[in-house]
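Structure first, then comments.
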Amino acid sequence: MKKLTIQLETLTCPSCMQKIENATKALQGVQKDSVKVLFNSSKVKLDFDDSAIAAEAIEQAITTLGYEVKKSQVK
Amino acid sequence: MQKFILGRKNQITIISAILIIIGFASELLFHQEQLAMYALALASVLGAAPIAIQAYQALRVKVVSIDVLVTLAVAGAFLIKNFEESAIVTFLFLFGAYLEQRTLQKTRSAIKELTEMAPESALKLSESGEFEEVAVDDVDVGDTLLVKTGAKVPVDGTVLSGEGHINEASITGEAVPVGKRKGSQVFAGTILENGTLQVVADRVGEDTTFGRIIELVEEAQDSKSEAERFIDRFSKYYTPAVLVLSTLVWIFSQDIELAITILVLGCPGALVIGVPVSNVAGIGNGARHGVLLKGSEVIHDFSRVDTIVFDKTGTLTVGNPEVADIESYVPDVQKTLGYLSSVERESDHPLAKAIVKHLGAVDTYTVQKTDVVAGGGIVAEVDGHTVAVGNVGLMEQQGVVFSEKARSDIKRFEAMGNSLVLTAVDGELHILMGIRDQIREGVKSHLHKLKKLGVKHLVVLSGDNQGTVDLVSKQLGLTEAHGHMLPQDKAAFIKKLQAEGRTVAFVGDGVNDSPSLALAQIGIAMGSGTDVAIETSDVVLMNSDFSRLPHALGLAKATARNMRQNIAIAVGVVLVLLASVFFSEWMNMSIGMLVHEASILVVILNGMRLLRYRS
């Protein structure tokens, strides 16, 4: 289990948190309870199984929604 | 394609604004209705493109977002060939989003400034013996680092060699540079103002004090209170409900215009955004002023505090008794002062120390035969005289007779909060001294501010004796003061207060008061930001500056008030809009969108006021 922290562009719209949450939770290998979308710091924090999904794939899912990924860190 | 469109939202907004102007100009000024229609239709399609993409992406992850509502509304308006409305609605929505982004960045700026103070690179001693620049993530515990003048200290560490002055404002909030030499502790995020230091890394990255502070603030700004979680759950079902409502209206009234207007009016923007905005601005203001508030729940509780408990007299006093008043009863006391100093020099009682310090350099005499009288003082033989130094009880025991003046002086000194030390030579009273602890500068006015902010009970619990505690309490006008308190007594006392239904804040240094800090509704750690204090408390005052306390409380109150205002604005706007769509003639899609976007901006601007709050 790895920890992924993604810094996004400034989040402004109220429903974007819900979108990002749903999109990441739907991915295989992402720990559902661990997904946290932080509105003010514009970050996504989640735990994922790196044998089931790559960090890049998770980032891709968020980019597809239309949110630019600025920086990410896997620990 | 998607990325291309979403990345050019700003340009699209400008173009659609121009098209709208062309459209209205050609219709109203030149009566070119055909041209007007084309321009407005083009503006609608162009403006709707990014919104529709977002709507599609939202639906893919099963979210009925605002984008979905707006896209449907615009499509509806397009169908009934109302291009004016569709163009204006899309433009307002895009322009509103742009303004929101700009203003939100402002509200978040205070915290951003803090996180940007984090060091990014370090000069690390490599195997070749040279210092090389590396990213701060590549520094490990035990590495030797070089810090040059003007650079940020990259880690928490110990100075190996060199000297310099460091500005530790980012940790302590205190801008006065602190001198560092071999063996001194240095902290990540502080700035070396002059000199050069070699430092060995003790803690790196998130483990450093600065790293913890940043993490704490970052989590605090997004922490949610019970009320916010409710709003979140509510808004999850709110947007789909609006969709259903508008569909029902359409089916029953066959009025597309009305149905799409409801879609636009129902957008929940301000409600969801209002509370987080107040939260981030309030916490940001605190971070700038050396006050860490751990989240909106804390702000909420703190704003309702009615009892503040201080953990010791040392928080309120300098903790250093001094001779404050002095009276003599013989013409020449020079010799007596010498005797007094000589006798007190042998004692390590705090009062004796205060006297020796006060007297300074006086003639000293050899002291023969000292008798310590428990609870009274000292009787000694000095220079062939019997010298008694102690309290009134000791004097009476020694058969000293008090004059009328001495009696009234004693009364007066006691009333001023002094501990009394009397000196008699051969059974005759020579000197009366009043010694007291000094109240910290400004404490009285800060306590007064707290009272003005609505704190009804100011309590001090102290390990000192009841007499000292009472004196401090009397001088400061506290409501309650209890001495002889052990840490477990303090915790029990807080429980008792809470049982009486009070909301209690406990101010401690976090070292041996963790139980009380944890127990009180609001634990306020005062001090240099020790790890324990940061972990167990709800509010951290970054240095032991008492003046931060009124600021912290005032800020919490202002922030809580701001949140309530924002909720009121948001709910009020939705109610007014929905009422007017059914009961008024003037309501339409464009006005609805305008009011909706305006209400979002109003709550953001209202939140921004908190950045400027001062106590």
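The values are calculated or read from the model by the stated rules, or taken from the named source; none is laboratory data. The shown structure was predicted, so the numbers you read here are calculated from the model rather than taken from an experiment. Cβ sites come from the backbone with ideal geometry, for glycine too, and all protein chains shown count toward neighbours. Accessible surface is based on the protein model in full, side chains and every heavy atom, while ligands, DNA and RNA are left aside. Shrake-Rupley method; radii C 1.70, N 1.55, O 1.52, S 1.80 Å.
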Practice problem: Being among the aliphatic types (A, V, I, L, M) and without any contact (Cβ under 8 Å) to a residue 40 or more places away in the chain is the filter; apply it to the range B:198-255 and report the residue that is farthest from the other protein chains (Cβ to nearest Cβ). | Solution: B:ILE251
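Return the only residue of B:ALA73, B:ALA43 being at pLDDT 90 or above, open to solvent by less than 20 Å² (accessible area, probe 1.4 Å) and either within 21 Å of B:GLN11 (Cα to Cα) or of a type outside the set (S, T, N, Q) (or both).
Values: B:ALA73 fails: at pLDDT 90 or above.
None of the other options fit; the residue is B:ALA43.
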Quiz item: Does B:SER341 satisfy the condition of being open to solvent by less than 10 Å² (accessible area, probe 1.4 Å) and free of Cβ contacts under 8 Å to residues at least 40 places away in the same chain?
Solution: yes
Exercise. Hey, could you check the range B:60-104 for residues that are within 14 Å of chain A (Cβ to nearest Cβ) and more than 40 Å from the chain's Cα centre (by Cα) and say which is farthest from B:VAL602 (Cα to Cα)?
Key: B:ARG60
Quiz prompt | Neighbours by Cβ (under 7 Å, 6+ apart or cross-chain): first from the range B:392-409, closer than 14 Å to B:VAL373 by Cβ; second in a loop (DSSP other than H, G, I, E, B) | solution = B:GLY393/B:GLY376; B:LEU394/B:GLY376; B:GLN397/B:GLY376; B:GLN398/B:GLY427; B:GLY399/B:GLY427; B:VAL400/B:GLY427
Quiz item: If you scan the range B:125-140, which residues turn out to be closer than 18 Å to B:GLY211 by Cβ and assigned to a strand (DSSP E or B)?
Solution: B:VAL134, B:ALA135
Exercise. Quick one: count up the residues across the range A:6-29 that are modelled with pLDDT of 85 or more, more than 7 Å from chain B (Cβ to nearest Cβ) and buried (at least 22 other Cβ atoms within 10 Å of the Cβ).
Key: 4
Practice problem: Considering only the range B:560-574, state which residues are open to solvent by 20 Å² or more (accessible area, probe 1.4 Å) and either hydroxyl-bearing (Ser, Thr, Tyr) or modelled with pLDDT of 85 or more (or both). | Solution: B:ARG561, B:MET563, B:ARG564, B:GLN565, B:ILE567, B:ALA568, B:ILE569, B:VAL571, B:GLY572, B:VAL573
Self-check item: Any chance B:ASP311 is among the charged types (D, E, K, R) and open to solvent by 40 Å² or more (accessible area, probe 1.4 Å)
Solution: no
Quiz prompt | Per-region count, the range A:30-43, residues in contact (Cβ under 8 Å) with a residue 12 or more places away in the chain and more than 7 Å from chain B (Cβ to nearest Cβ) | solution = 7
Quiz item: Quick one: how many residues across the range B:113-122 are in a helix (DSSP H, G or I) and either crowded, with 19+ Cβ neighbours inside 10 Å or away from chain A (no Cβ under 11 Å) (or both)?
Solution: 2
Self-check item: Residues of the range B:1-19 satisfying the condition of being closer than 18 Å to B:TYR98 by Cα and modelled with pLDDT of 85 or more
Solution: B:GLN11, B:ILE12, B:THR13, B:ILE14, B:ILE15, B:SER16, B:ALA17, B:ILE18
Quiz item: If you take the residues in the range B:547-558 that are in contact with a His (Cβ under 9 Å, 6 or more places away or on another chain) and open to solvent by less than 10 Å² (accessible area, probe 1.4 Å), which one is farthest from B:LEU610 (Cα to Cα)?
Solution: B:LEU549
Quiz item: Which of the following residues is touching a Leu at 6+ places or on another chain (Cβ under 9 Å), in contact (Cβ under 8 Å) with a residue 12 or more places away in the chain and within 20 Å of A:LEU11 (Cα to Cα): B:ALA87, B:ALA110, B:ALA97?
Solution: B:ALA110
Exercise. For B:GLU116, work out the one condition from (1) of a type in the set (Asp, Glu); (2) under 28 Å from B:GLY607 (Cα atoms); (3) touching a residue at least 60 places away in the same chain (Cβ under 8 Å) it doesn't fulfil.
Key: (3)
Practice problem: Scan B:VAL387, B:VAL382, B:VAL362 and give me the residue that is more than 30 Å from B:ALA518 (Cα to Cα) and surrounded by fewer than 18 Cβ atoms within 10 Å (Cβ to Cβ). | Solution: B:VAL362
Quiz item: Which ranges mark the helices (runs of 4 or more DSSP H) fully within the range B:388-493 that have 1 or more residues being under 27 Å from the mean Cα position of the chain (by Cα)?
Solution: B:443-452, B:466-476
Quiz item: Looking at B:LEU258, is it without any contact (Cβ under 8 Å) to a residue 60 or more places away in the chain and either among the hydrophobic types (A, V, I, L, M, F, W, C) or open to solvent by less than 10 Å² (accessible area, probe 1.4 Å) (or both)?
Solution: no
